[in-house]
Amino acid sequence: MKKVLLVSFILLSIFSSCKSQDYIDWVGISNEWELLADFQTNKDGTLITDINNDSGVLKWNVDGIDYNQNDLSLPLSGSLIAAKLYGKESPVLSRIYVDNAKIVGPLDLTGVTELSSLSLYAFLNQEMTDILISPTVVGDWSSFLAYSCNLTGTLDLSMITSISNCSFYLFSNPNLTQINFSNSITGYVRYLYLYNCNLTGNLNLTGFSAFSPSYSDIRVHGNAGLTSLTINSSITGVIRTIYAYSCNLTGTLDLSMIPAFLASGAEIRLSSNPNLTSILLPASTGTISLFDASACDLGYINFSGIINLVKVDGCQIKLSNNNLTSEEVNHILYDLSVLVVSEASGGDYTGRGISIAGSNAAPDSSSGGYNGLAAKASLEAKGFIVTTN
């Protein structure tokens, strides 16, 4: 017993004589302050930040002055100054809110290497031109919000490989031309809001293989230089919206991999893509409350795989001004009429319409082996308003 007490006393003496830095180094934790994030700001007013860490210690340095706290509410005069976030003892971050902070130039997050379901809010920074992320960052992301900024050129997000029901809000960045996502991302994506930028060429979304099982949105409209959209060939989840109107989609848009549309009615908006010639649709569950592919240059579209396509109140199919031939018009009307053949007289739903007029040819009784006039009459008998030439 005396030997045990003696050994315990000796060990206690050794640890008591060690400096705190020596102990921290012994267990593998650095007690040195390391730069995690920094940016320039010309905020004229109160700079507000909100940072959350699951471990470690944080401090700010703004214009050369230390603030030993996670969050700032700091009055500034509008002069261009540096704001730097430091950490020690292996910080793991779960929240970085620097929205409306008047960031000028890049937001540099390359010092942040460990995350825990990180939410990044960097929106409404109209002079922020880039977001830099460590290529070796580990941990998952729950949101990446950088809309209404001035992101310029290519935004590299290829190091983001783990997400948890994540939202990417990058819309309204008029100088953003490319977004590089990883080719392999684990976890659900909820919202991809990438619209009203200046994206050009192909937008590669193949890294996203799991969309939310409740619903997800893909919105890339208003990118006049966007010529193609590539989606993973084997995805899971439910799609609520696909908005890719007013782009320059060219050739074939392949949506055949979508397993399910929203049961209460998805929206597919693809209008005003004058070089879009084909759309491949899936054999899928769910309904579509709006399918708008007007003002493109489409041929026949096979809707027959979405068996509940029009079985929702207010459903609208808009295909006007596609230069469709009578054969193509006939075939489309026939397919749609087959989808409602089992409905009661007058139809089972209300407010439905099909618009297939404009530059399209008129339906007839025989072109392509389909009686478009009979199909139109059948649809009207189910309550549809059918507009043709």
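Okay, residues lined up against (1) hydroxyl-bearing (Ser, Thr, Tyr); (2) in a strand (DSSP E or B); (3) more than 20 Å from Ile288 (Cβ to Cβ):
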site	(1), (2), (3)
Tyr191	yes, yes, no
Cys197	no, no, yes
Thr230	yes, yes, yes
Ser233	yes, no, yes
Tyr245	yes, no, no
Thr252	yes, yes, no
Ala263	no, no, no
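The single condition from (1) crowded, with 18+ Cβ neighbours inside 10 Å; (2) more than 16 Å from Val386 (Cβ to Cβ) that Pro274 fails is (1). The set of residues in region 323-355 that are among the hydrophobic types (A, V, I, L, M, F, W, C) and either loosely packed, with under 15 Cβ neighbours inside 10 Å or in contact with a helix residue (DSSP H, G or I) (Cβ under 9 Å, 6 or more places away or on another chain) (or both) comprises Leu324, Val329, Ile332, Leu333, Leu336, Val338, Val340, Val341, Ala344, Ile354.
In region 361-373, what count of residues is obtained for those that are crowded, with 23+ Cβ neighbours inside 10 Å and of a type in the set (Ser, Thr, Tyr)? It would help to see each step written out before you state the result.
From region 361-373, those crowded, with 23+ Cβ neighbours inside 10 Å are 363, 370, 372; that's our starting set.
From what is left, the residues that are of a type in the set (Ser, Thr, Tyr) are 370.
Adding up the residues that qualify gives 1.
Evaluate the following for Gly358: is it under 32 Å from the mean Cα position of the chain (by Cα) and surrounded by fewer than 18 Cβ atoms within 10 Å (Cβ to Cβ)?
When the stated conditions are applied, Gly358 does not pass them.
All conditions but one from (1) over 13 Å from Thr388 (Cβ atoms); (2) in a strand (DSSP E or B); (3) β-branched (Val, Ile, Thr) apply to Ile354; the one that does not is (1).
Summed over region 232-246, the residues that are among the charged types (D, E, K, R) and under 16 Å from Gly187 (Cα atoms) give a count of 0. Checking region 275-285 against the condition returns no match, with no residue being modelled with pLDDT of 95 or more and under 18 Å from the mean Cα position of the chain (by Cα).
Every residue, every condition in (1) within 23 Å of Ser212 (Cα to Cα); (2) within 19 Å of the chain's Cα centre (by Cα); (3) of a type in the set (Gly, Ala, Ser), yes or no:
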site	(1), (2), (3)
Leu107	no, no, no
Thr110	no, no, no
Ser119	yes, yes, yes
Ala122	no, yes, yes
Thr129	no, no, no
Leu132	no, yes, no
Pro135	no, no, no
Ser143	yes, yes, yes
Ala146	yes, yes, yes
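Which residues, taken from region 179-211, are surrounded by fewer than 20 Cβ atoms within 10 Å (Cβ to Cβ) and closer than 15 Å to Ser228 by Cβ? Answer for region 179-211, where residues must be surrounded by fewer than 20 Cβ atoms within 10 Å (Cβ to Cβ) and closer than 15 Å to Ser228 by Cβ: Thr200, Gly201, Asn202, Asn204, Thr206. Here is the figure for region 34-46: residues that are farther than 17 Å from Asp108 by Cα and either part of a loop (DSSP other than H, G, I, E, B) or not charged (D, E, K, R) (or both) total 3.
Filtering Ser148, Ser164 for residues that are in a strand (DSSP E or B) and modelled with pLDDT of 95 or more leaves a single hit, Ser164.
The values are calculated or read from the model by the stated rules, or taken from the named source; none is laboratory data. What you see is a predicted model; the values in this text were computed from it and never measured. Every residue, glycine as well, gets a Cβ built from its backbone with ideal geometry; the counts of neighbours run over all protein chains shown.
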